[in-house]
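The values are calculated or read from the model by the stated rules, or taken from the named source; none is laboratory data. Since the structure is predicted, the reported quantities are computational estimates derived from the model, not experimental observations. Here Cβ is always computed from backbone atoms with ideal geometry, including for glycine, and neighbour counts include all displayed protein chains.
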Amino acid sequence: MTIKKLQKNKYDKYKNYFLIMKKQLSILFLFLSLTTFAQEASLARIDSLLSYLNEHDKFMGSVCIMQGDEVVFKQAYGYSEAIKGIRANAGTKYKIGSVTKTFTATMIMQLIEEKKILLTTKLSRFFPKIENADKITIEHLLYQRTGIKDYYSADTTLADVLGKPNMRALIMKKIENYASTFEPDSKHELSHSNYFILGEIIEKVTKKTYAENLKNRITGKLSLKNTYYTSEKADITKRESYSYTFNGEYWDRIDERSNDVFFSSGGIISTPEDLTKFIRELFKGTLVSPASVEIMKTLKDTYGMALIRFPFGERKFFGHNGKIEGFEAIMGYYKQDDMTISLISNGVNFSQNDIMLGILSIYYKSPFRFPVFETLNPEKIKDYVGNYVSKDIALKVAIFEKNGALFAQATGQPEFPLTYASEDLFYFQAGGIEIDFTKESFVLKQGRNKFNFTKE
(Lines give C-alpha, C1' and ligand atoms only; values in the text may rest on other atoms or scores of the structure.)
Protein backbone atom coordinates (compact mmCIF):
# COMPACT_ATOMS: atom_id res chain seq x y z
CA MET A 1 0.00 0.00 0.00
CA THR A 2 1.32 3.42 -0.93
CA ILE A 3 1.98 6.20 1.59
CA LYS A 4 -0.76 8.31 -0.02
CA LYS A 5 -3.30 5.50 0.41
CA LEU A 6 -2.32 5.03 4.04
CA GLN A 7 -2.72 8.74 4.67
CA LYS A 8 -6.15 8.74 2.95
CA ASN A 9 -7.36 5.80 5.05
CA LYS A 10 -6.15 7.50 8.21
CA TYR A 11 -7.90 10.73 7.14
CA ASP A 12 -11.19 8.91 6.42
CA LYS A 13 -10.97 7.16 9.80
CA TYR A 14 -10.56 10.41 11.71
CA LYS A 15 -13.16 12.14 9.52
CA ASN A 16 -15.74 9.48 10.45
CA TYR A 17 -14.74 9.70 14.10
CA PHE A 18 -15.23 13.46 14.16
CA LEU A 19 -18.56 13.19 12.35
CA ILE A 20 -19.81 10.67 14.94
CA MET A 21 -18.59 12.86 17.81
CA LYS A 22 -20.20 15.91 16.25
CA LYS A 23 -23.50 14.05 15.97
CA GLN A 24 -23.28 12.80 19.56
CA LEU A 25 -22.48 16.26 20.85
CA SER A 26 -25.38 17.70 18.88
CA ILE A 27 -27.72 15.17 20.49
CA LEU A 28 -26.24 15.96 23.92
CA PHE A 29 -26.68 19.70 23.45
CA LEU A 30 -30.23 19.13 22.21
CA PHE A 31 -30.98 17.03 25.30
CA LEU A 32 -29.51 19.67 27.59
CA SER A 33 -31.49 22.38 25.83
CA LEU A 34 -34.73 20.44 26.18
CA THR A 35 -33.99 19.73 29.86
CA THR A 36 -33.27 23.40 30.51
CA PHE A 37 -36.44 24.41 28.67
CA ALA A 38 -38.53 21.95 30.72
CA GLN A 39 -37.11 23.26 33.99
CA GLU A 40 -37.68 26.87 32.93
CA ALA A 41 -41.28 26.00 32.05
CA SER A 42 -41.79 24.40 35.50
CA LEU A 43 -40.30 27.41 37.28
CA ALA A 44 -42.48 29.76 35.24
CA ARG A 45 -45.57 27.76 36.28
CA ILE A 46 -44.50 27.94 39.95
CA ASP A 47 -44.30 31.71 39.56
CA SER A 48 -47.75 31.69 37.94
CA LEU A 49 -49.20 29.69 40.85
CA LEU A 50 -47.76 32.00 43.52
CA SER A 51 -48.75 35.13 41.57
CA TYR A 52 -52.26 33.70 41.18
CA LEU A 53 -52.51 33.05 44.94
CA ASN A 54 -51.22 36.54 45.69
CA GLU A 55 -53.67 38.17 43.27
CA HIS A 56 -56.54 36.41 45.03
CA ASP A 57 -55.33 37.54 48.50
CA LYS A 58 -54.36 34.01 49.49
CA PHE A 59 -50.62 34.44 49.98
CA MET A 60 -47.85 36.94 50.61
CA GLY A 61 -44.29 35.82 51.10
CA SER A 62 -41.13 34.51 49.48
CA VAL A 63 -39.77 31.26 48.01
CA CYS A 64 -36.33 29.92 47.16
CA ILE A 65 -35.40 26.67 45.39
CA MET A 66 -31.85 25.37 45.04
CA GLN A 67 -30.74 22.56 42.76
CA GLY A 68 -27.32 21.54 43.97
CA ASP A 69 -25.51 24.75 44.87
CA GLU A 70 -27.42 26.80 42.28
CA VAL A 71 -30.39 28.99 43.15
CA VAL A 72 -32.85 28.15 40.35
CA PHE A 73 -35.86 30.06 41.70
CA LYS A 74 -36.07 33.07 44.00
CA GLN A 75 -39.10 35.33 44.17
CA ALA A 76 -41.18 37.38 46.62
CA TYR A 77 -44.89 38.23 46.45
CA GLY A 78 -47.03 40.87 48.11
CA TYR A 79 -45.92 43.45 50.63
CA SER A 80 -43.44 43.76 53.45
CA GLU A 81 -45.44 46.81 54.57
CA ALA A 82 -48.96 46.70 53.13
CA ILE A 83 -50.28 50.03 54.47
CA LYS A 84 -47.49 52.07 52.85
CA GLY A 85 -47.46 49.82 49.81
CA ILE A 86 -43.84 48.65 50.21
CA ARG A 87 -43.42 45.59 48.00
CA ALA A 88 -41.48 42.59 49.23
CA ASN A 89 -38.44 41.42 47.26
CA ALA A 90 -36.03 38.49 47.39
CA GLY A 91 -34.01 40.32 50.07
CA THR A 92 -36.98 40.88 52.40
CA LYS A 93 -36.46 39.26 55.80
CA TYR A 94 -39.10 37.44 57.84
CA LYS A 95 -39.51 35.86 61.25
CA ILE A 96 -39.13 32.08 60.93
CA GLY A 97 -40.64 30.86 64.21
CA SER A 98 -39.75 27.27 65.16
CA VAL A 99 -37.34 26.87 62.24
CA THR A 100 -35.08 28.66 64.77
CA LYS A 101 -34.94 25.37 66.67
CA THR A 102 -32.83 23.75 63.93
CA PHE A 103 -30.22 26.50 64.29
CA THR A 104 -30.25 26.03 68.07
CA ALA A 105 -29.90 22.24 67.77
CA THR A 106 -26.99 22.67 65.35
CA MET A 107 -25.11 24.87 67.81
CA ILE A 108 -25.73 22.37 70.60
CA MET A 109 -24.29 19.58 68.42
CA GLN A 110 -21.24 21.76 67.74
CA LEU A 111 -20.70 22.13 71.49
CA ILE A 112 -20.99 18.35 71.86
CA GLU A 113 -18.37 17.83 69.14
CA GLU A 114 -16.16 20.32 71.00
CA LYS A 115 -16.66 18.10 74.12
CA LYS A 116 -18.01 21.01 76.13
CA ILE A 117 -21.22 19.10 76.84
CA LEU A 118 -22.54 15.60 76.12
CA LEU A 119 -25.90 14.31 74.94
CA THR A 120 -26.08 12.66 78.37
CA THR A 121 -25.27 15.85 80.29
CA LYS A 122 -27.94 16.40 82.96
CA LEU A 123 -30.06 19.52 83.00
CA SER A 124 -29.23 19.81 86.71
CA ARG A 125 -25.73 21.02 85.75
CA PHE A 126 -27.31 24.27 84.54
CA PHE A 127 -30.78 24.53 86.05
CA PRO A 128 -31.08 22.30 89.13
CA LYS A 129 -34.36 23.91 90.24
CA ILE A 130 -36.33 22.49 87.28
CA GLU A 131 -38.36 19.45 88.31
CA ASN A 132 -36.69 16.18 87.22
CA ALA A 133 -33.51 18.08 86.30
CA ASP A 134 -31.47 15.04 87.38
CA LYS A 135 -33.41 12.85 84.93
CA ILE A 136 -33.53 15.24 81.96
CA THR A 137 -30.57 15.24 79.56
CA ILE A 138 -29.48 17.44 76.65
CA GLU A 139 -30.75 14.67 74.36
CA HIS A 140 -34.21 14.80 75.96
CA LEU A 141 -34.34 18.57 75.44
CA LEU A 142 -33.38 18.21 71.75
CA TYR A 143 -35.99 15.51 71.17
CA GLN A 144 -38.66 17.37 73.18
CA ARG A 145 -39.12 14.47 75.61
CA THR A 146 -38.75 16.27 78.95
CA GLY A 147 -42.18 16.80 80.46
CA ILE A 148 -41.38 20.50 80.95
CA LYS A 149 -44.49 22.63 80.48
CA ASP A 150 -44.62 24.86 77.38
CA TYR A 151 -44.19 28.42 78.66
CA TYR A 152 -45.60 30.03 75.52
CA SER A 153 -48.66 27.92 74.72
CA ALA A 154 -49.62 26.47 78.09
CA ASP A 155 -48.89 29.22 80.64
CA THR A 156 -51.90 31.52 81.02
CA THR A 157 -49.87 33.82 83.28
CA LEU A 158 -47.19 34.60 80.66
CA ALA A 159 -48.70 38.06 80.07
CA ASP A 160 -47.41 39.06 83.51
CA VAL A 161 -43.82 39.27 82.25
CA LEU A 162 -44.27 40.34 78.62
CA GLY A 163 -42.57 43.60 77.75
CA LYS A 164 -40.51 43.82 80.95
CA PRO A 165 -36.79 44.66 80.58
CA ASN A 166 -35.61 41.39 82.16
CA MET A 167 -38.25 39.31 80.36
CA ARG A 168 -35.98 36.39 79.45
CA ALA A 169 -34.88 35.94 83.07
CA LEU A 170 -38.51 36.12 84.21
CA ILE A 171 -39.56 33.49 81.65
CA MET A 172 -36.73 31.25 82.81
CA LYS A 173 -37.89 31.65 86.41
CA LYS A 174 -41.38 30.55 85.37
CA ILE A 175 -39.94 27.46 83.66
CA GLU A 176 -37.99 26.60 86.83
CA ASN A 177 -41.22 26.59 88.85
CA TYR A 178 -43.35 24.42 86.52
CA ALA A 179 -44.58 21.03 87.68
CA SER A 180 -43.61 18.22 85.29
CA THR A 181 -46.36 17.12 82.87
CA PHE A 182 -44.93 13.60 82.30
CA GLU A 183 -41.94 11.42 83.15
CA PRO A 184 -38.83 12.38 81.11
CA ASP A 185 -38.28 10.32 77.93
CA SER A 186 -41.68 8.62 78.21
CA LYS A 187 -43.07 10.44 75.15
CA HIS A 188 -42.60 13.35 72.74
CA GLU A 189 -44.50 16.57 73.36
CA LEU A 190 -43.69 19.93 71.78
CA SER A 191 -42.68 22.51 74.36
CA HIS A 192 -41.00 25.79 73.47
CA SER A 193 -39.46 25.68 76.94
CA ASN A 194 -37.05 22.92 75.82
CA TYR A 195 -35.38 25.05 73.16
CA PHE A 196 -35.55 28.20 75.28
CA ILE A 197 -33.49 26.28 77.86
CA LEU A 198 -31.05 25.07 75.17
CA GLY A 199 -30.41 28.70 74.16
CA GLU A 200 -29.64 29.53 77.79
CA ILE A 201 -27.26 26.56 77.96
CA ILE A 202 -25.43 27.75 74.82
CA GLU A 203 -24.85 31.12 76.50
CA LYS A 204 -23.74 29.55 79.81
CA VAL A 205 -21.26 27.17 78.14
CA THR A 206 -19.73 29.67 75.71
CA LYS A 207 -19.95 32.84 77.84
CA LYS A 208 -21.29 34.57 74.72
CA THR A 209 -24.77 35.68 73.69
CA TYR A 210 -27.03 33.54 71.55
CA ALA A 211 -26.77 36.14 68.77
CA GLU A 212 -22.95 36.03 68.89
CA ASN A 213 -22.93 32.23 68.76
CA LEU A 214 -25.33 32.23 65.83
CA LYS A 215 -23.05 34.60 63.90
CA ASN A 216 -19.77 32.89 64.80
CA ARG A 217 -20.93 29.32 64.42
CA ILE A 218 -23.38 29.40 61.51
CA THR A 219 -24.23 32.60 59.66
CA GLY A 220 -20.65 33.90 59.49
CA LYS A 221 -19.32 30.55 58.28
CA LEU A 222 -21.96 30.32 55.54
CA SER A 223 -22.12 34.04 54.70
CA LEU A 224 -25.81 34.18 55.59
CA LYS A 225 -26.00 37.96 55.74
CA ASN A 226 -29.77 38.09 56.17
CA THR A 227 -30.05 35.71 59.11
CA TYR A 228 -29.69 36.87 62.71
CA TYR A 229 -31.25 37.06 66.15
CA THR A 230 -32.39 40.36 67.60
CA SER A 231 -34.58 41.23 70.55
CA GLU A 232 -35.95 44.26 68.69
CA LYS A 233 -39.28 44.43 66.91
CA ALA A 234 -39.42 44.42 63.11
CA ASP A 235 -37.74 47.39 61.42
CA ILE A 236 -38.98 48.05 57.89
CA THR A 237 -35.91 50.22 57.17
CA LYS A 238 -33.77 47.05 57.57
CA ARG A 239 -35.93 45.21 55.00
CA GLU A 240 -37.69 43.28 57.81
CA SER A 241 -41.30 42.44 57.05
CA TYR A 242 -44.45 42.85 59.08
CA SER A 243 -47.04 40.05 59.16
CA TYR A 244 -50.70 40.24 58.14
CA THR A 245 -54.07 38.53 58.23
CA PHE A 246 -56.68 39.00 55.52
CA ASN A 247 -59.91 40.40 56.99
CA GLY A 248 -62.05 39.80 53.88
CA GLU A 249 -61.26 43.19 52.33
CA TYR A 250 -57.58 43.90 52.90
CA TRP A 251 -54.43 42.69 54.66
CA ASP A 252 -54.54 43.76 58.33
CA ARG A 253 -51.26 44.04 60.23
CA ILE A 254 -50.72 41.67 63.17
CA ASP A 255 -49.33 42.99 66.45
CA GLU A 256 -45.88 41.71 67.31
CA ARG A 257 -43.88 41.08 70.46
CA SER A 258 -40.22 41.43 71.29
CA ASN A 259 -38.20 38.50 69.95
CA ASP A 260 -36.91 37.87 73.48
CA VAL A 261 -40.27 36.17 74.15
CA PHE A 262 -39.34 33.47 71.65
CA PHE A 263 -35.52 33.60 71.97
CA SER A 264 -33.77 30.40 70.85
CA SER A 265 -37.08 28.63 70.37
CA GLY A 266 -38.44 30.92 67.66
CA GLY A 267 -36.76 34.34 67.46
CA ILE A 268 -34.51 34.19 64.37
CA ILE A 269 -35.09 36.40 61.32
CA SER A 270 -34.08 35.13 57.87
CA THR A 271 -34.87 34.78 54.16
CA PRO A 272 -35.81 31.68 52.14
CA GLU A 273 -32.49 31.86 50.28
CA ASP A 274 -30.52 31.81 53.54
CA LEU A 275 -32.65 28.94 54.88
CA THR A 276 -32.04 26.81 51.79
CA LYS A 277 -28.29 27.36 52.08
CA PHE A 278 -28.33 26.60 55.80
CA ILE A 279 -30.21 23.29 55.65
CA ARG A 280 -28.23 22.08 52.62
CA GLU A 281 -24.87 22.87 54.23
CA LEU A 282 -26.01 21.23 57.46
CA PHE A 283 -26.72 17.98 55.61
CA LYS A 284 -23.49 18.21 53.63
CA GLY A 285 -21.50 18.22 56.87
CA THR A 286 -20.25 21.81 56.72
CA LEU A 287 -21.50 22.78 60.20
CA VAL A 288 -21.32 19.49 62.09
CA SER A 289 -19.92 16.09 61.20
CA PRO A 290 -21.95 13.64 59.06
CA ALA A 291 -22.19 11.43 62.16
CA SER A 292 -23.85 14.28 64.08
CA VAL A 293 -26.26 14.89 61.19
CA GLU A 294 -27.26 11.22 61.30
CA ILE A 295 -28.01 11.56 65.02
CA MET A 296 -30.03 14.74 64.42
CA LYS A 297 -32.17 13.16 61.69
CA THR A 298 -32.89 9.99 63.70
CA LEU A 299 -36.59 10.24 64.53
CA LYS A 300 -38.27 9.44 67.81
CA ASP A 301 -42.07 9.63 67.64
CA THR A 302 -41.72 11.37 64.22
CA TYR A 303 -39.41 14.09 65.61
CA GLY A 304 -35.62 14.31 65.28
CA MET A 305 -33.33 16.84 66.94
CA ALA A 306 -35.14 19.84 65.49
CA LEU A 307 -35.59 17.93 62.23
CA ILE A 308 -38.86 16.65 60.81
CA ARG A 309 -39.37 14.37 57.80
CA PHE A 310 -41.75 15.71 55.13
CA PRO A 311 -42.94 13.15 52.56
CA PHE A 312 -43.70 14.10 48.96
CA GLY A 313 -44.64 10.89 47.19
CA GLU A 314 -41.63 8.60 47.44
CA ARG A 315 -39.33 11.52 48.28
CA LYS A 316 -38.57 12.22 51.93
CA PHE A 317 -37.45 15.77 52.73
CA PHE A 318 -35.80 16.67 56.03
CA GLY A 319 -36.23 20.11 57.56
CA HIS A 320 -38.48 22.04 59.92
CA ASN A 321 -41.48 24.35 59.91
CA GLY A 322 -42.55 27.25 62.10
CA LYS A 323 -45.40 29.65 62.85
CA ILE A 324 -45.16 32.93 64.72
CA GLU A 325 -47.37 36.05 64.77
CA GLY A 326 -48.87 35.36 61.34
CA PHE A 327 -45.56 34.28 59.77
CA GLU A 328 -45.26 30.70 58.49
CA ALA A 329 -41.95 29.16 57.43
CA ILE A 330 -40.80 25.80 56.13
CA MET A 331 -37.46 24.52 54.81
CA GLY A 332 -36.66 21.09 53.42
CA TYR A 333 -33.76 19.18 51.87
CA TYR A 334 -33.93 16.03 49.73
CA LYS A 335 -30.48 14.46 49.60
CA GLN A 336 -31.00 12.09 46.67
CA ASP A 337 -31.80 14.99 44.31
CA ASP A 338 -29.65 17.52 46.20
CA MET A 339 -32.74 19.72 46.10
CA THR A 340 -33.57 22.34 48.71
CA ILE A 341 -36.66 24.48 49.13
CA SER A 342 -37.76 27.15 51.60
CA LEU A 343 -41.02 29.06 51.82
CA ILE A 344 -41.85 31.90 54.22
CA SER A 345 -45.18 33.70 54.25
CA ASN A 346 -46.05 36.92 56.08
CA GLY A 347 -49.69 36.65 55.09
CA VAL A 348 -51.54 33.47 54.26
CA ASN A 349 -55.25 32.97 53.58
CA PHE A 350 -54.79 29.44 52.27
CA SER A 351 -53.16 26.21 53.44
CA GLN A 352 -49.37 26.69 53.38
CA ASN A 353 -49.06 22.92 53.15
CA ASP A 354 -51.13 23.01 49.94
CA ILE A 355 -48.94 25.82 48.58
CA MET A 356 -45.82 23.73 49.19
CA LEU A 357 -47.55 20.69 47.67
CA GLY A 358 -48.35 22.74 44.57
CA ILE A 359 -44.78 24.01 44.21
CA LEU A 360 -43.27 20.52 44.54
CA SER A 361 -45.87 18.97 42.22
CA ILE A 362 -45.02 21.47 39.50
CA TYR A 363 -41.26 21.19 40.08
CA TYR A 364 -41.35 17.40 39.82
CA LYS A 365 -43.86 17.49 36.95
CA SER A 366 -46.59 15.69 38.88
CA PRO A 367 -50.25 16.35 38.00
CA PHE A 368 -51.42 19.57 39.58
CA ARG A 369 -54.49 21.74 39.10
CA PHE A 370 -54.64 25.37 40.24
CA PRO A 371 -57.25 25.94 42.96
CA VAL A 372 -60.47 27.69 41.97
CA PHE A 373 -61.57 30.50 44.26
CA GLU A 374 -65.18 30.78 43.20
CA THR A 375 -67.77 30.74 45.99
CA LEU A 376 -69.96 27.68 45.86
CA ASN A 377 -73.69 28.23 45.97
CA PRO A 378 -74.94 26.79 49.31
CA GLU A 379 -77.95 25.30 47.50
CA LYS A 380 -75.60 23.60 45.06
CA ILE A 381 -73.60 22.10 47.92
CA LYS A 382 -76.77 20.50 49.27
CA ASP A 383 -77.17 18.59 46.00
CA TYR A 384 -73.87 16.80 46.63
CA VAL A 385 -74.36 15.97 50.32
CA GLY A 386 -75.18 12.38 51.19
CA ASN A 387 -73.89 8.83 51.64
CA TYR A 388 -72.65 7.04 48.54
CA VAL A 389 -71.98 3.35 47.88
CA SER A 390 -70.28 1.52 45.01
CA LYS A 391 -70.61 -1.84 43.27
CA ASP A 392 -67.00 -1.46 42.08
CA ILE A 393 -65.41 -1.34 45.54
CA ALA A 394 -66.54 -2.27 49.08
CA LEU A 395 -66.45 1.29 50.33
CA LYS A 396 -68.98 3.82 51.54
CA VAL A 397 -68.20 7.53 51.12
CA ALA A 398 -69.93 10.32 53.03
CA ILE A 399 -70.07 13.74 51.33
CA PHE A 400 -70.85 16.57 53.74
CA GLU A 401 -70.63 20.32 54.20
CA LYS A 402 -68.43 21.99 56.83
CA ASN A 403 -67.92 25.75 57.17
CA GLY A 404 -69.19 26.36 53.67
CA ALA A 405 -66.84 23.81 52.08
CA LEU A 406 -67.36 20.28 50.81
CA PHE A 407 -65.68 17.31 52.54
CA ALA A 408 -65.49 13.58 51.89
CA GLN A 409 -64.89 10.68 54.26
CA ALA A 410 -64.64 6.98 53.47
CA THR A 411 -65.72 4.55 56.20
CA GLY A 412 -62.94 4.14 58.78
CA GLN A 413 -60.73 6.79 57.15
CA PRO A 414 -60.00 10.48 57.96
CA GLU A 415 -62.08 13.18 56.28
CA PHE A 416 -60.53 15.27 53.54
CA PRO A 417 -61.50 18.57 51.86
CA LEU A 418 -62.72 18.71 48.29
CA THR A 419 -61.41 21.62 46.23
CA TYR A 420 -63.74 23.03 43.59
CA ALA A 421 -62.32 22.73 40.05
CA SER A 422 -65.22 23.37 37.69
CA GLU A 423 -68.88 22.54 37.26
CA ASP A 424 -69.57 19.41 39.39
CA LEU A 425 -65.84 18.52 39.48
CA PHE A 426 -63.83 18.47 42.73
CA TYR A 427 -60.41 17.15 43.71
CA PHE A 428 -58.21 16.31 46.68
CA GLN A 429 -54.68 17.16 45.54
CA ALA A 430 -52.73 15.35 48.27
CA GLY A 431 -54.49 12.04 47.57
CA GLY A 432 -54.58 12.40 43.79
CA ILE A 433 -58.38 12.06 43.94
CA GLU A 434 -60.96 13.51 41.52
CA ILE A 435 -64.71 13.35 42.16
CA ASP A 436 -67.03 14.18 39.26
CA PHE A 437 -70.67 14.53 40.34
CA THR A 438 -73.74 13.80 38.28
CA LYS A 439 -77.30 13.67 39.58
CA GLU A 440 -77.44 11.33 42.61
CA SER A 441 -74.02 9.83 41.81
CA PHE A 442 -70.33 10.51 41.25
CA VAL A 443 -67.26 8.98 39.63
CA LEU A 444 -64.14 8.78 41.81
CA LYS A 445 -60.80 8.69 39.96
CA GLN A 446 -57.47 7.98 41.64
CA GLY A 447 -54.52 7.28 39.37
CA ARG A 448 -55.69 4.79 36.73
CA ASN A 449 -58.53 3.56 38.90
CA LYS A 450 -62.13 4.66 38.38
CA PHE A 451 -65.07 3.84 40.69
CA ASN A 452 -68.77 4.61 40.29
CA PHE A 453 -70.77 5.66 43.37
CA THR A 454 -74.50 6.21 43.79
CA LYS A 455 -76.38 7.99 46.58
CA GLU A 456 -78.18 5.79 49.09
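Values computed for the structure shown
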{"item": "Residues that are small (Gly, Ala, Ser) and within 18 Å of LYS238 (Cβ to Cβ), drawn from segment 86-135", "result": "ALA88, ALA90, GLY91"}
{"item": "Verdict on LEU50 being modelled with pLDDT of 95 or more and out of contact with any Asp or Glu (no Cβ under 8 Å at 6 or more places or on another chain)", "result": "yes"}
{"item": "Hits in segment 291-344 (condition: at pLDDT 95 or above and small (Gly, Ala, Ser))", "result": "ALA291, SER292, GLY304, ALA306, GLY319, GLY322, ALA329, GLY332, SER342"}
{"item": "The listed residue being touching a helix residue (DSSP H, G or I) at 6+ places or on another chain (Cβ under 8 Å), within 28 Å of MET331 (Cα to Cα) and in a loop (DSSP other than H, G, I, E, B), out of THR146, THR102", "result": "THR146"}
{"item": "Qualifying residue in segment 185-206 (condition: out of contact with any helix residue (DSSP H, G or I) (no Cβ under 8 Å at 6 or more places or on another chain), modelled with pLDDT of 95 or more and in a helix (DSSP H, G or I))", "result": "yes"}
{"item": "Index of the failed condition, MET109 passing every other in (1) modelled with pLDDT under 95; (2) within 21 Å of GLY267 (Cα to Cα)", "result": "(1)"}
{"item": "Subset of segment 107-138 (residues that are in contact (Cβ under 8 Å) with a residue 40 or more places away in the chain, part of a loop (DSSP other than H, G, I, E, B), among the charged types (D, E, K, R) and farther than 21 Å from PHE182 by Cβ)", "result": "LYS116"}
{"item": "Pairs with Cβ under 7 Å, 6+ apart, first in segment 26-55 and within 25 Å of TYR77 (Cα to Cα), second surrounded by 12 or more Cβ atoms within 10 Å (Cβ to Cβ) and modelled with pLDDT under 65", "result": "none"}
{"item": "In segment 362-419, residue modelled with the lowest pLDDT [restricted to those that are in a strand (DSSP E or B) and of a type in the set (Lys, Arg)]", "result": "LYS402"}
{"item": "Odd one out for ILE236 among (1) of a type outside the set (Lys, Arg); (2) touching an Asp or Glu at 6+ places or on another chain (Cβ under 7 Å); (3) surrounded by 17 or more Cβ atoms within 10 Å (Cβ to Cβ)", "result": "(3)"}
{"item": "Check on ALA38, assigned to a helix (DSSP H, G or I), modelled with pLDDT under 95 and of a type in the set (A, V, I, L, M, F, W, C)", "result": "yes"}
{"item": "Failed item in (1) in contact with an Asp or Glu (Cβ under 7 Å, 6 or more places away or on another chain); (2) over 21 Å from ARG45 (Cα atoms), with GLN352 passing the rest", "result": "(2)"}
{"item": "Condition check for ASP134: of a type in the set (D, E, K, R), buried (at least 19 other Cβ atoms within 10 Å of the Cβ) and either more than 29 Å from the chain's Cα centre (by Cα) or closer than 16 Å to GLU200 by Cα (or both)", "result": "no"}
{"item": "Output for segment 222-278, where each listed residue is modelled with pLDDT under 95 and at positive phi", "result": "GLY248"}
{"item": "Filtered residue count, segment 155-182, keeping only those that are outside any helix (DSSP H, G or I) and touching a residue at least 12 places away in the same chain (Cβ under 8 Å)", "result": "10"}
{"item": "Conditions (1) small (Gly, Ala, Ser); (2) under 30 Å from ARG253 (Cβ atoms); (3) in a helix (DSSP H, G or I): number failed by GLY220", "result": "(2)"}
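So that you can scan it fast, the table gives a plain yes or no per residue for (1) among the hydroxyl-bearing types (Ser, Thr, Tyr); (2) part of a loop (DSSP other than H, G, I, E, B); (3) under 23 Å from ASN353 (Cβ atoms):
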residue: ILE46; (1), (2), (3): no, no, yes
residue: TYR52; (1), (2), (3): yes, no, yes
residue: VAL63; (1), (2), (3): no, no, yes
residue: MET66; (1), (2), (3): no, no, yes
residue: VAL72; (1), (2), (3): no, no, yes
residue: GLN75; (1), (2), (3): no, no, yes
residue: SER80; (1), (2), (3): yes, no, no
residue: LYS84; (1), (2), (3): no, yes, no
residue: ASN89; (1), (2), (3): no, yes, no
